[in-house]
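Have a look at the structure below, then the notes.
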Amino acid sequence: MRYCPVCHSLTNADVCQHCGNRSLREPEKEDMVQLVSVEKEKMEEISSLLTEKGIHYEIQIGKKKSISRKKENSQSQIGYLVPFSQMEESYEVLELAGIARNDPNAFHLEGQAPDEVEQKEQFQEMNPVSRFVWRVISVILFIALIWAVVAGTDMVVAFLRDFFSNFTFGQA
């Protein structure tokens, strides 16, 4: 299982399915991971369940984002983050209360399908020196390509001129 430090989610893939981050790592015990995202109405119920079981949690309030839609829903979501070491226990508490599904790999609420996520490519930003060096190399290669085409064409024309100059047409 891999941990995304950007959105605090767990995944088995090499790319985060929620935010598209490629810099995933193995989770550590103290990492806060996304347990569930819920509507405000369920907030009190989940908070009391986790507090009752002595599970430390943090709440993230924000608008739900989706990579595939590239826009925000107007509905605010409450995200519950729990330490990775207490993830299974937390999920079991929500399962027993009927809040979460019976699927341990699906960290979303009953009745909510996970958003279809389109993988986005992430490129590292180049520093100005590297960008300048690659531009110079590109220009030199382009000039070399143009020179090769012109030189090749010149050689073909010279060969054809020499080849046809040996023939005499129309004289007997």
#### Entry: Test result for Asp154, modelled with pLDDT under 95 and either surrounded by 10 or more Cβ atoms within 10 Å (Cβ to Cβ) or touching a Ser or Thr at 6+ places or on another chain (Cβ under 6 Å) (or both)
no
Taking region 1-31 and the residues there that are touching a residue at least 60 places away in the same chain (Cβ under 8 Å) and closer than 18 Å to Ile61 by Cα, the one that is surrounded by the fewest Cβ atoms within 10 Å (Cβ to Cβ) would be Ser9
Residues in region 19-39 that are in a strand (DSSP E or B) and hydroxyl-bearing (Ser, Thr, Tyr) total 1
If you go through Ile59, Ile78, the only one that is farther than 16 Å from Pro5 by Cβ, at pLDDT 75 or above and in contact with a Phe, Trp or Tyr (Cβ under 7 Å, 6 or more places away or on another chain) is Ile59
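Within region 2-18, count every residue that is aliphatic (A, V, I, L, M), closer than 26 Å to Gly98 by Cα and part of a loop (DSSP other than H, G, I, E, B).
Looking only at that region, the number is 0.
The values are calculated or read from the model by the stated rules, or taken from the named source; none is laboratory data. Values in this document were obtained by computation on a predicted structure and should not be read as measured data. Cβ coordinates were reconstructed from backbone atoms using ideal geometry, including for glycine residues, and neighbour counts include every protein chain displayed.
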